[in-house]
4 protein chains.
Amino acid sequence: MARIPVGLVGVTGYAGMELVRLLAGHPDLELVQATSRQHAGTPLGQLYPFLHGRPEAKIVVQSPDSATLAAACRLVFLAVPHGAAMEVSAQLLKAGTKVVDLSADFRLRDPEVYAKWYGLPHQQRALLEEAVYGLPELYGHKVTEATRLVANPGCYPSGIILGLVPALREGVISSRDIVADAKSGASGAGRKPSTGTLYCEVSDTLRAYGLGTHRHTPEIEQELAVAADSPVTISFSPHLVPMNRGILATSYGRMQQPLSLEEVHALYTSCYADAPWVRVLPEGTLPETRWVRGTMFCDIGLVVDRRTDRLLVVTAVDNLCRGASGQAIANANRMLGLEPCTGLDLPPMMP
Amino acid sequence: MARIPVGLVGVTGYAGMELVRLLAGHPDLELVQATSRQHAGTPLGQLYPFLHGRPEAKIVVQSPDSATLAAACRLVFLAVPHGAAMEVSAQLLKAGTKVVDLSADFRLRDPEVYAKWYGLPHQQRALLEEAVYGLPELYGHKVTEATRLVANPGCYPSGIILGLVPALREGVISSRDIVADAKSGASGAGRKPSTGTLYCEVSDTLRAYGLGTHRHTPEIEQELAVAADSPVTISFSPHLVPMNRGILATSYGRMQQPLSLEEVHALYTSCYADAPWVRVLPEGTLPETRWVRGTMFCDIGLVVDRRTDRLLVVTAVDNLCRGASGQAIANANRMLGLEPCTGLDLPPMMP
Amino acid sequence: MARIPVGLVGVTGYAGMELVRLLAGHPDLELVQATSRQHAGTPLGQLYPFLHGRPEAKIVVQSPDSATLAAACRLVFLAVPHGAAMEVSAQLLKAGTKVVDLSADFRLRDPEVYAKWYGLPHQQRALLEEAVYGLPELYGHKVTEATRLVANPGCYPSGIILGLVPALREGVISSRDIVADAKSGASGAGRKPSTGTLYCEVSDTLRAYGLGTHRHTPEIEQELAVAADSPVTISFSPHLVPMNRGILATSYGRMQQPLSLEEVHALYTSCYADAPWVRVLPEGTLPETRWVRGTMFCDIGLVVDRRTDRLLVVTAVDNLCRGASGQAIANANRMLGLEPCTGLDLPPMMP
Amino acid sequence: MARIPVGLVGVTGYAGMELVRLLAGHPDLELVQATSRQHAGTPLGQLYPFLHGRPEAKIVVQSPDSATLAAACRLVFLAVPHGAAMEVSAQLLKAGTKVVDLSADFRLRDPEVYAKWYGLPHQQRALLEEAVYGLPELYGHKVTEATRLVANPGCYPSGIILGLVPALREGVISSRDIVADAKSGASGAGRKPSTGTLYCEVSDTLRAYGLGTHRHTPEIEQELAVAADSPVTISFSPHLVPMNRGILATSYGRMQQPLSLEEVHALYTSCYADAPWVRVLPEGTLPETRWVRGTMFCDIGLVVDRRTDRLLVVTAVDNLCRGASGQAIANANRMLGLEPCTGLDLPPMMP
C-alpha cells in the first residue's frame, strides 16, 4: 500500500528535524515535501547530512507555497513561528489539505488571551473555533478523520498539564496555589544562531528565564481550568539546562484532602489506565528525562509531603518528540484514519 | 611573614579538592597537613596531578590523627561525612586547634532535629552550643579570633537562605508558603564511585531527588525562622543537573505586601549593602551559575509576579566555593584574625 | 508468527542496555531471558525504569545458567568480560544454542596474540577456529544459518577497520605507516562505578589513555593485514571525550599512489556499494558522531593531503549500536535466517 | 603604586572575556579602556553580568579609536580578527603605545606564507620584522621593555610546538613524519552566533574540521623548523570537542634514535627545567585538559612506542589562558618591566 503523502513547512528548526526523523521510521506516512525559504533548492541530505543515503535525503527543499503543498500532501505539518502559522493554515485548509500546526496560533481558545500574551491580534477566529487542542490523553477522542486542524500543544504544557490534570479533576489540590518549576534542554531554545545559545554559553551552567511571563503560561492555565472546572493561575518558571532534549517539571500543589501517596498514586494510575504513553512511575520512583528520550512517554512521579501538605508532581517529556513532533504525528495518525500509535512505538535511547 | 599552618581532614572529596585549590592561592594560610585513610603515604601531587610542580604537590597525605594535626596546625578544616566530624572536632578542640567543620554535625542548633533528620544522636551537645553557623552575611560578626568551632553551612542552604532572609525579615512574604526548587551540579553528589553519578548517567539528563526529605531542609528552615521570627516550613526540592559546579535555586514566596519590584529590589540592596559577596542583580537580570563559578558570590535575581502575588527569588552560588570550601576559608580568616576576604577575591571563570 | 526467543548474559552494562533497547524494537526476535548475578530476581523494569510499561519490563533477571538459557533461547548474546565469555560460549554451544559473543574472546585468530594482549591463555582453541569475526561488510557472507559462534567486533575496530580496508586493499596507502587517533564517548568506559568515570571527572575535559597498549590494537592490525595481504603495525591512540555515545577516529596513511580525492572517493564508494550501513560521505563532508547516533551507520570522510602525501580517513560509529549491540543483532539475524537489516533500519537521533 | 593602564580592543569575544578575567586579578595592570564597535556605550558590567559589583564593571565600552587608546594606555591588547589587527597595530605603535596582538597578523615571519594561508597580502612588513613571536619558553628572552610589538601565538600552536620542540632539537624524531591530532573545546570556535556552534550542535558529538588546511599549520611548521633546523611539514588535524576550554593534542613522531622513555623524559625535563609553566608529567601519566583549566600550564605526557618506533607527545593547554589571553599578559608583563609570572600564578580549577 502506498504511504500517505504529507508535507512539512519549516524543516530547518529542531521540530522540523525531529519530524523528519520520526517520519523516516513511519510505516504509513511519507514525507513528500519539505519547505524552507532559506534553503530552497537544497536536497534534504545536504542540509542534514545525517540523512545521507536514506530515501528522505533526495527530497529537495522548496520555498513554501500553499498550492504546491496542497496539491501533493493530504496533511501538512507547520513548524513555523506563531503569527505566520495562522495565515498558512488558512490557505492550506482552503486548498483542502489538513493541518497540524506546531505553533501557538490555535492553542488558546480565547483570541483576547492570545492577543495579550502574543502581542498580536488573532486573524483566524473561525479556524480557532474549529481547531482541536491536540493533547492525546485529553482530546484524542475529538481528533478524527473529520478533523481538519489540530493545534499541537507546546512543549512545556504537554508534560505539566498531564501531571496536574488528575489532581485538579478530583480536587486533590487547590486550583489557587500551584507552582510549576520547569527545566528544559537547549533544543527548546530553537536553532536560530544567537550568542545566548552557543555551546559555551549553555554548557556547565544553568539559568532561569521568562519567570512569570512565558507564553506557555496561559496555555497551561487554560487546560488546568478545564480540569478544575474553575479558573487556575499558576507560577510557571522555565529554566535552561545544559542538555539537548527533555523537560523535567516539578509542580507543587496545596493538598485539599489528606490523601496518602498510595491513594494519589491509585488515582493517577486509574486516570491514565488507557493512555499508553503516560507512565505513572511506581511509588518512590522519580522520572529522569533520559528515560523518555526520543519517545512519546510522559513519565509522572508523585510525592505526598505531609510536612507541608503539598503534592509534588514531577513530569518528564522529550520536548521534541512528545512536546512537539511526535505528538504532531499522533494527531496526524488520527486525522488520517491510522492507529494513533503508528510509527510511535519508540523505545527510549539510553544512555 | 610565615603563613599560618592549617590542615585538612578528608582531602579526596570535591570539597577537599576545592580547599586545596583555594589554599594554593591564599597569601596567609598554608596547607601543611592533608589526610585520607585510603591514600595515606601518597604525595598530593600524585593523588591530584593537576598540582604537579606546585608547592602543595609535595605534601604527603597522612592517615588522620588528631594529635599530629593539632601539633602542626592552628586550624583544621573537616571535610568528612557527618557523624564522623563531631568526634574529630572534639579531639582537635581539646588539643587546642580550631576547627571549621564542613559537615552537617554542628549546623542544627537543636540536637533533636539533628537526630531526626540524620538518624543518629548528637554526641557533642556542649560543642553544639559553642559552634557558630558560618554564613558570613548572617553570623560573620560572631566569628572572631575567640571562635573555636564553626559549622560551615551546607551548599543548598548557603544560597537559599541568603535569597529569602531579607523578604522574611521585613515580612514581605508569608513564612507559611515557601517553595524552594533547587538545581545542583554533579559535584554536589560527591566523589565516591557509584553508578548513579557516572558520566553517562548524569549527562544529557535531569532528575529530582530527595523531594521533601533532603537533610538540608531543617537547616534552611532554622535560619529562615530566625529571619521571620516565627517557624518556617518549606518545600525544598533538589535536582541534579549535568554540570560540574553551581546551584541555582528558584524560591517562591507568597507576598503579604503589595510591593513593586523596585521596592523589593531596594530592600534587598540595602540589606546586603555591606556584603561584598552578595550581588543583588539589576532589576530584570536573573543569575546564571557560571557568573559565580569558582567564586564566593551569591547572586540574587528578583521577580515580583503580580498575577500570582508571588515573589520569586533566584539565587546562584558555586556549591564548592561559596557552598563549601570558600566559605570555610572566609570563616577561617576571621578565626585567625585575617581580613575575611583574604584569598577570596576571585573573579568568575567564564566560560 | 511467534518471534524467535533469544537471551542476554550480562544485562547491566551499556552493551546489555543497548541490546534491550534494540530488541524492544525488533520485529522477529524476542528477549526471553536476561541474566545478571548481581540483580537476579529483579524485574527488568525495576532495574531499568526507562522500560516501565513496556513488555520487556516484566522479564525477571536471572542468575546466569547455561542450561536454562539453552532450554529457552535459540541464540544468546554474551555481554560479559573477556575470559568469562569463552567458557560460557562453550557451554551454550554444547547445549545446542548459538552464541554471539560481544567480548574479545574469539576475535583474535591467533591464540598466542590473545594470550599476549589479554594476559591469559585461550581455553577454547577449537571454538576459536570455528568463530566468525562478525564485521558485516567483511564477513557477512560467512555468517549463515550454519554459523554457531560469532565474535562480535570491538567498538574501536568496527569503524577504523572499515575506514582503512579499501585503501589497504588497493595499495593506496602504505601498510607500514598508519596512525589511528580515536575518540570515544564515555559509555565505552563501561558502567562499573569508578572515580575516573564520574560525571565530574569526564565532563568539560579530555584525556588520552592506553596509548600504544590498548587491546583493540591487535584486532585492528589483524583485519588490516588481511586487507593489505601483509603485516600491518599501527599506532592506535584512544581518547575519552565528554559525550555519551560515539567514536570518531581520524586515521592517517602514507599515500603510495598520487591519487586525487575524487579517485579515492570513487574507490571507497565502489567498495561499499552494497553495504547499506557504510556511508561514504560526499567529498568535502566530514562525519560527526551525532549523525550516526543510535544507528548501524559507519560514516566515512576522506581527505587527500597533497602537502604531506597523506590520506586521512575520518570514521564515525555509534560505539554501542554499530560498535557492539546493533552489530550483534545484525549477526544474529543472519545466524537465524532473517534479513541482516531486520530491526536495524534506525534513523539517527538528532540532536 | 598605581597600576599600569592597559587597553583591550575587542572585548566581546572569548579571548577578550578571558583578558578581562585575568586583568581583574592582576596586581600591577589595570584595564582602563575596552572597545567594541557593537557595544559602545555599554558598561562592562552590563555586557558581562558576571562582573557585576567588581571595579571593572564600571568601565564603559568604547568604539575603538587608536588615538584615545594610545592616550590612556601604555599597552593595548588586540583581540580582533586577522587582517584588521595589522592596521590597528600600526596606528597604536605610531602613537607610542605598545601592542600585544592576539590575532595571526604578525605570527608568520614570511609575508608570502601569510598571504597564501590567510588569503590577503601583508600590509605591515616592517612591523612584521619587528614583531616577536610571544611563546615564552622559546622567545621570552627576546621580549623586553624595548619590545613594542608581540605576536601572541595561536591556541593550537602554543601546546603542539612546546610538545615537539625538544624532540626535534635533539633529533629524537624525524622532521618529515609528524602527525599532530588536536582536540579543542568550543570556545576556540569563537563567540559569534552561528548554527554550527549552538549548544545542541556541539553537545554530545564530535567532529573534525579543517583537516590539512587549518591556518595554524604554517605557524606550527615555522617554529618546528627552527627547532629541527630544517623544513618541517606536518599533518595537523583539529577536532571540536563538547567542552568549554582546553586543547589536547596527540602528536606522533618517527623515532630516529632508540631512546627509552626514561631518556626522552630526562631530555624534556632538562629542556624545560627553567620553564615554570611547562610541566613534563611523570612517566606513565598523561595530561587532561582540566588539569590546566584556567592556567598558563602546558602539560606534556610522553609515550615511547617500541612496536611502532614512534614517540607520542600528548600536550594539554587551556586555549583561552595559555593559548591566548594568559600568554598575552605574560608578554605584556615583560614588555612593561614586570616579572613574567605576575598575575599568572593560577591554580587549576578542578573540577
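The values are calculated or read from the model by the stated rules, or taken from the named source; none is laboratory data. Keep in mind that what you see is a predicted model, and the values were worked out from it rather than measured. Using ideal geometry, Cβ is built from the backbone for each residue, glycine included, and neighbour counts are taken over all protein chains shown. Heads up: the accessible areas ignore ligands, DNA and RNA and are worked out on the full protein's heavy atoms, side chains in. Shrake-Rupley method; radii C 1.70, N 1.55, O 1.52, S 1.80 Å.
When B:Asp181 is tested against (1) surrounded by 23 or more Cβ atoms within 10 Å (Cβ to Cβ); (2) farther than 22 Å from A:Phe236 by Cβ, exactly one condition is not met: (2). Restricting B:Ser230, B:Ser175, B:Ser251, B:Ser237 to residues that are surrounded by fewer than 18 Cβ atoms within 10 Å (Cβ to Cβ), of a type in the set (S, T, N, Q) and either in contact with a strand residue (DSSP E or B) (Cβ under 7 Å, 6 or more places away or on another chain) or assigned to a strand (DSSP E or B) (or both) narrows the list to B:Ser230. Inspect region B:131-142 for any residue being out of contact with any strand residue (DSSP E or B) (no Cβ under 9 Å at 6 or more places or on another chain), open to solvent by less than 40 Å² (accessible area, probe 1.4 Å), on the phi > 0 side of the Ramachandran plot and not charged (D, E, K, R) and give the result as yes or no. No. B:Ile161 meets all of the listed conditions (1) in a loop (DSSP other than H, G, I, E, B); (2) away from chain A (no Cβ under 14 Å) but one, namely (1).
Looking only at region B:33-42, filter to residues that are of a type outside the set (Lys, Arg) and open to solvent by 20 Å² or more (accessible area, probe 1.4 Å); which one of those is farthest from B:Val60 (Cα to Cα)? If we take residues in region B:33-42 being of a type outside the set (Lys, Arg) and open to solvent by 20 Å² or more (accessible area, probe 1.4 Å), then B:Gln38 is farthest from B:Val60 (Cα to Cα). The residues of region B:279-294 that are among the β-branched types (Val, Ile, Thr) and touching an Asp or Glu at 6+ places or on another chain (Cβ under 6 Å) amount to a single one, B:Val292.
Could you run through region B:268-292 and say how many residues are among the polar types (S, T, N, Q) and either within 12 Å of chain A (Cβ to nearest Cβ) or part of a loop (DSSP other than H, G, I, E, B) (or both)? Lay out the reasoning, then the answer.
First, the residues of region B:268-292 that are among the polar types (S, T, N, Q): B:269-270, B:285, B:289.
Retained after the next criterion (residues that are either within 12 Å of chain A (Cβ to nearest Cβ) or part of a loop (DSSP other than H, G, I, E, B) (or both)): B:285, B:289.
Qualifying residue count for the region: 2.
Taking the condition crowded, with 22+ Cβ neighbours inside 10 Å and among the hydroxyl-bearing types (Ser, Thr, Tyr), does D:Ser260 pass? Judged against the criteria, D:Ser260 is not a match.
Which of the residues spanning region C:293-316 are more than 7 Å from chain D (Cβ to nearest Cβ) and part of a loop (DSSP other than H, G, I, E, B)? First the steps, then the outcome.
At the first step, the residues of region C:293-316 found to be more than 7 Å from chain D (Cβ to nearest Cβ) are C:293-302, C:304, C:306, C:309, C:311, C:313, C:315-316.
Once the filter is applied, which keeps residues that are more than 7 Å from chain D (Cβ to nearest Cβ) and part of a loop (DSSP other than H, G, I, E, B), region C:293-316 yields C:Arg293, C:Gly294, C:Thr295, C:Met296, C:Phe297, C:Arg306, C:Asp309.
Do you know which residues across region D:130-158 are among the aliphatic types (A, V, I, L, M), within 19 Å of D:Pro218 (Cα to Cα) and in a loop (DSSP other than H, G, I, E, B)?
At the first step, the residues of region D:130-158 found to be among the aliphatic types (A, V, I, L, M) are D:131-132, D:135, D:138, D:143, D:146, D:149-151.
Applying the additional criterion that residues be within 19 Å of D:Pro218 (Cα to Cα) yields D:131-132, D:135, D:138, D:150-151.
Hits for region D:130-158 are D:Ala131, D:Leu135.
Checked against (1) closer than 27 Å to C:Thr250 by Cα; (2) open to solvent by 10 Å² or more (accessible area, probe 1.4 Å); (3) in a loop (DSSP other than H, G, I, E, B), D:Lys116 passes all but condition (3).
Within region A:167-191, take every residue that is within 19 Å of the chain's Cα centre (by Cα) and more than 7 Å from every other protein chain (Cβ to nearest Cβ) and give me the one that is farthest from A:Val241 (Cα to Cα).
First pass over region A:167-191, keeping only residues within 19 Å of the chain's Cα centre (by Cα): A:180-191.
Those left that are additionally more than 7 Å from every other protein chain (Cβ to nearest Cβ): A:180, A:182, A:184-185, A:188-190.
Working: A:Ala180: 16, A:Ala182: 10, A:Ser184: 6, A:Gly185: 5, A:Gly188: 10, A:Ala189: 10, A:Gly190: 14 Å.
Per the stated criteria, the residue is A:Ala180.
Can you confirm whether C:Gly163 is touching a residue at least 60 places away in the same chain (Cβ under 8 Å), assigned by TED's automatic domain parsing to the domain that holds C:Glu263 and surrounded by fewer than 24 Cβ atoms within 10 Å (Cβ to Cβ)?
Values: touching a residue at least 60 places away in the same chain (Cβ under 8 Å): yes; assigned by TED's automatic domain parsing to the domain that holds C:Glu263: yes; surrounded by fewer than 24 Cβ atoms within 10 Å (Cβ to Cβ): no.
The answer is no for C:Gly163.
Which numbered condition trips up B:Leu127, out of (1) surrounded by fewer than 24 Cβ atoms within 10 Å (Cβ to Cβ); (2) at negative phi; (3) not in a helix (DSSP H, G or I)? Looking at each condition in turn, B:Leu127 falls short on (3).
Only a single criterion out of (1) touching a Ser or Thr at 6+ places or on another chain (Cβ under 8 Å); (2) open to solvent by 10 Å² or more (accessible area, probe 1.4 Å) is not satisfied by A:Lys58, namely (1). Please verify whether region C:199-214 includes one or more residues that are of a type outside the set (D, E, K, R), open to solvent by 10 Å² or more (accessible area, probe 1.4 Å) and more than 11 Å from chain D (Cβ to nearest Cβ). The answer is yes; a qualifying residue exists.
As a summary of the residue check, D:Phe50 satisfies the conditions (1) in contact with a Phe, Trp or Tyr (Cβ under 7 Å, 6 or more places away or on another chain); (2) away from chain B (no Cβ under 14 Å) except for the one numbered (2). For region C:9-32, filtered to residues that are farther than 24 Å from A:Cys298 by Cβ and open to solvent by 20 Å² or more (accessible area, probe 1.4 Å), the residue that is nearest to the other protein chains (Cβ to nearest Cβ) is C:Thr12. The set of residues from region C:270-304 being of a type in the set (D, E, K, R) and either touching a strand residue (DSSP E or B) at 6+ places or on another chain (Cβ under 6 Å) or open to solvent by 30 Å² or more (accessible area, probe 1.4 Å) (or both) comprises C:Asp274, C:Arg279, C:Glu283, C:Glu288, C:Asp299. Looking only at region D:178-227, residues that are without any contact (Cβ under 8 Å) to a residue 24 or more places away in the chain, of a type outside the set (Val, Ile, Thr) and not in a loop (DSSP other than H, G, I, E, B) come to 6 in all. Report yes if some residue within region D:88-105 is more than 23 Å from D:Gly326 (Cβ to Cβ), polar (S, T, N, Q) and open to solvent by 50 Å² or more (accessible area, probe 1.4 Å); otherwise report no. For region D:88-105, residues more than 23 Å from D:Gly326 (Cβ to Cβ), polar (S, T, N, Q) and open to solvent by 50 Å² or more (accessible area, probe 1.4 Å): present. Enumerate the pairs (first residue in region D:79-93 and of a type in the set (Val, Ile, Thr); second residue anywhere and crowded, with 19+ Cβ neighbours inside 10 Å and assigned to a helix (DSSP H, G or I)) with beta-carbon separation below 8 Å, excluding pairs fewer than 6 apart on the same chain, so at least 6 apart or on different chains. Going by the 8 Å Cβ cut-off, the qualifying pairs are D:Val80/D:Val88; D:Val88/D:Ser66.
Of all the listed residues (D:Leu344, D:Leu267, D:Leu336), the sole one being surrounded by fewer than 24 Cβ atoms within 10 Å (Cβ to Cβ), at pLDDT 95 or above, over 24 Å from the mean Cα position of the chain (by Cα) and more than 20 Å from D:Ala182 (Cβ to Cβ) is D:Leu267.
If we keep just the residues of region D:295-326 that are of a type in the set (Ser, Thr, Tyr) and in the same structural domain as D:Ala180 (by TED's automatic domain parsing), which is farthest from D:Arg245 (Cα to Cα)? Steps first, please.
Of region D:295-326, the ones of a type in the set (Ser, Thr, Tyr) are D:295, D:308, D:315, D:325.
Next cut, in the same structural domain as D:Ala180 (by TED's automatic domain parsing) only: D:295, D:308, D:315.
Values: D:Thr295: 11, D:Thr308: 32, D:Thr315: 14 Å.
Applying the filter and picking the extreme gives D:Thr308.
Scanning region B:42-57 for any residue that is part of a strand (DSSP E or B) and free of Cβ contacts under 8 Å to residues at least 40 places away in the same chain turns up at least one such residue.
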